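Asks: Structure in structure tokens, see below.
The values are calculated or read from the model by the stated rules, or taken from the named source; none is laboratory data. Just so we're clear, the structure is a prediction, and the values are computed from it rather than from any experiment. Using ideal geometry, Cβ is built from the backbone for each residue, glycine included, and neighbour counts are taken over all protein chains shown.
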Amino acid sequence: MEPMASYSVNKRAVAQAKRLIDAHQYVLASAWGDVQPSADDENAFLESHSWADYKTRAPP
């Protein structure tokens, strides 16, 4: 018998997603490629911010 895949849920991420949804902090439609920062923009941000800032910053 082959092993079954197992998955785990990041409970903190789920809680954060629920908070954002409850606060109506979501976009129903977007041109994803037009609004995402480039790799160069992300790297520039990280030059002057911590990883904690990066993971919690709002989208541009």
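Asks: Check Y54 against each of (1) part of a loop (DSSP other than H, G, I, E, B); (2) surrounded by 10 or more Cβ atoms within 10 Å (Cβ to Cβ); (3) among the hydroxyl-bearing types (S, T, Y) and name the one condition it does not meet.
Replies: Every condition holds for Y54 apart from (1).
Asks: List the residue pairs whose Cβ atoms are under 8 Å apart, where the first residue sits in region 39-50 and is without any contact (Cβ under 8 Å) to a residue 12 or more places away in the chain, the second is small (G, A, S), and the two are 6 or more positions apart or on different chains.
Replies: Once the first residue is without any contact (Cβ under 8 Å) to a residue 12 or more places away in the chain and sits in region 39-50, no partner that is small (G, A, S) comes close enough.
Asks: Now a separate question. Any chance region 10-17 includes a residue that's assigned to a loop (DSSP other than H, G, I, E, B) and charged (D, E, K, R)?
Replies: no
Asks: Can you tell me how many residues within region 18-33 are in a helix (DSSP H, G or I) and more than 21 Å from Y54 (Cβ to Cβ)?
Replies: Selection size over region 18-33: 3.
Asks: If you don't mind, there's one more thing I want to ask. Only one residue in K18, K11 is without any contact (Cβ under 8 Å) to a residue 40 or more places away in the chain, out of contact with any Gly (no Cβ under 7 Å at 6 or more places or on another chain), among the charged types (D, E, K, R) and surrounded by 10 or more Cβ atoms within 10 Å (Cβ to Cβ). Which one?
Replies: K18
Asks: Taking into account only those residues within region 40-60 that are within 15 Å of the chain's Cα centre (by Cα) and of a type in the set (G, A, S), which is modelled with the lowest pLDDT?
Replies: Checking each candidate, the answer is A58.
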